[in-house]
1. So which of THR126, THR116 ends up being in a helix (DSSP H, G or I), touching a Gly at 6+ places or on another chain (Cβ under 7 Å) and of a type in the set (S, T, N, Q)?
2. Which of the following residues is out of contact with any Gly (no Cβ under 9 Å at 6 or more places or on another chain), modelled with pLDDT of 80 or more and part of a helix (DSSP H, G or I): LEU78, LEU70?
3. In this structure, does LEU88 turn out to be open to solvent by 80 Å² or more (accessible area, probe 1.4 Å) and either of a type outside the set (Ser, Thr, Tyr) or free of Cβ contacts under 8 Å to residues at least 60 places away in the same chain (or both)?
4. Among all residue pairs at least 6 apart or on different chains, which show Cβ distances below 8 Å where the first residue, located in the stretch 133-146, is among the aliphatic types (A, V, I, L, M) and the second is at pLDDT 85 or above?
5. Could you list, in sequence order, the residues of the stretch 109-123 that are surrounded by 12 or more Cβ atoms within 10 Å (Cβ to Cβ) and not small (Gly, Ala, Ser)?
6. Return yes or no: is ALA135 farther than 22 Å from LEU13 by Cβ and in contact with a helix residue (DSSP H, G or I) (Cβ under 7 Å, 6 or more places away or on another chain)?
7. Can you tell me which of (1) free of Cβ contacts under 8 Å to residues at least 24 places away in the same chain; (2) touching a Phe, Trp or Tyr at 6+ places or on another chain (Cβ under 9 Å) is the one TYR57 doesn't meet?
8. Would you pick out the residues in the stretch 97-108 that are of a type in the set (A, V, I, L, M, F, W, C) and open to solvent by less than 70 Å² (accessible area, probe 1.4 Å)?
Amino acid sequence: VFSFGVVLALGFLLIVSMIATTVLQVAFTRLPSLLPAVSYATMLVLYALAFAFLYRYLPDRPVAWRQSLLGGLITSGLFALGRYAIGLYIATAAPGSAYGSMGALVIMVVWIYYATVVFLVGALITAVIDERLRARRTLRNAGMPTEAVADGNVDSARPASPATHASG
């Protein structure tokens, strides 16, 4: 039930994003050169907060805000990049000509696929960041050096077991 509420909250946040973009367009009609930058920055911040909110509350285990915000920022950047690429493709390629009246449906399916992949990649990145920080914290609490884990050399971070030093 909580996950469904989070998804509804994300939908609400996307509507707020659309309203904020419209309000900014109306407010900055006198300064057209500033409008795209403000609109783009607002969109990135709202998307980052929305994805961070999802990555914080949807997993079965707790994720810290720091990790979820980092994952949200990465995901919102990829999401904005995909949105720009789809817009560029629609503007230059005339995709409706190849598929006739179903061209819009094809573009919508491609966008849904891309958005899903970006969301899942962002969730994976957030999980990896959280897992690595948990491992470092566990090693630090156990008194082991964390530099070897940062270098990827986990074997040197492990203490020698008694079995490796036993002589015959």
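The values are calculated or read from the model by the stated rules, or taken from the named source; none is laboratory data. Everything quoted here is computed from the prediction, not taken from an experiment. With ideal geometry, Cβ positions are generated from the backbone for all residues, glycine too; neighbour counts draw on all protein chains shown. Accessible surface is based on the protein model in full, side chains and every heavy atom, while ligands, DNA and RNA are left aside. Shrake-Rupley method; radii C 1.70, N 1.55, O 1.52, S 1.80 Å.
1. Details: THR116 fails: touching a Gly at 6+ places or on another chain (Cβ under 7 Å).
Result: THR126 is the single residue among THR126, THR116 that is in a helix (DSSP H, G or I), touching a Gly at 6+ places or on another chain (Cβ under 7 Å) and of a type in the set (S, T, N, Q).
2. On the way: LEU78 fails: out of contact with any Gly (no Cβ under 9 Å at 6 or more places or on another chain).
Going through LEU78, LEU70 in turn, the sole match is LEU70.
3. Working: open to solvent by 80 Å² or more (accessible area, probe 1.4 Å): yes; either of a type outside the set (Ser, Thr, Tyr) or free of Cβ contacts under 8 Å to residues at least 60 places away in the same chain (or both): yes.
Answer is yes for this residue.
4. LEU133/ALA64; LEU133/GLN67
5. Kept after step one, since they are surrounded by 12 or more Cβ atoms within 10 Å (Cβ to Cβ), are these residues of the stretch 109-123: 110-111, 114-115, 117-119, 121-123.
Across the stretch 109-123, the qualifying residues are VAL110, TRP111, TYR114, VAL117, VAL118, PHE119, VAL121.
6. Working: farther than 22 Å from LEU13 by Cβ: yes; in contact with a helix residue (DSSP H, G or I) (Cβ under 7 Å, 6 or more places away or on another chain): yes.
Yes; evaluated as a whole, the condition is true for this residue.
7. Going through the list (1) free of Cβ contacts under 8 Å to residues at least 24 places away in the same chain; (2) touching a Phe, Trp or Tyr at 6+ places or on another chain (Cβ under 9 Å), TYR57 breaks only (1).
8. At the first step, the residues of the stretch 97-108 found to be of a type in the set (A, V, I, L, M, F, W, C) are 98, 102, 104-108.
Once the filter is applied, which keeps residues that are of a type in the set (A, V, I, L, M, F, W, C) and open to solvent by less than 70 Å² (accessible area, probe 1.4 Å), the stretch 97-108 yields VAL106, ILE107.
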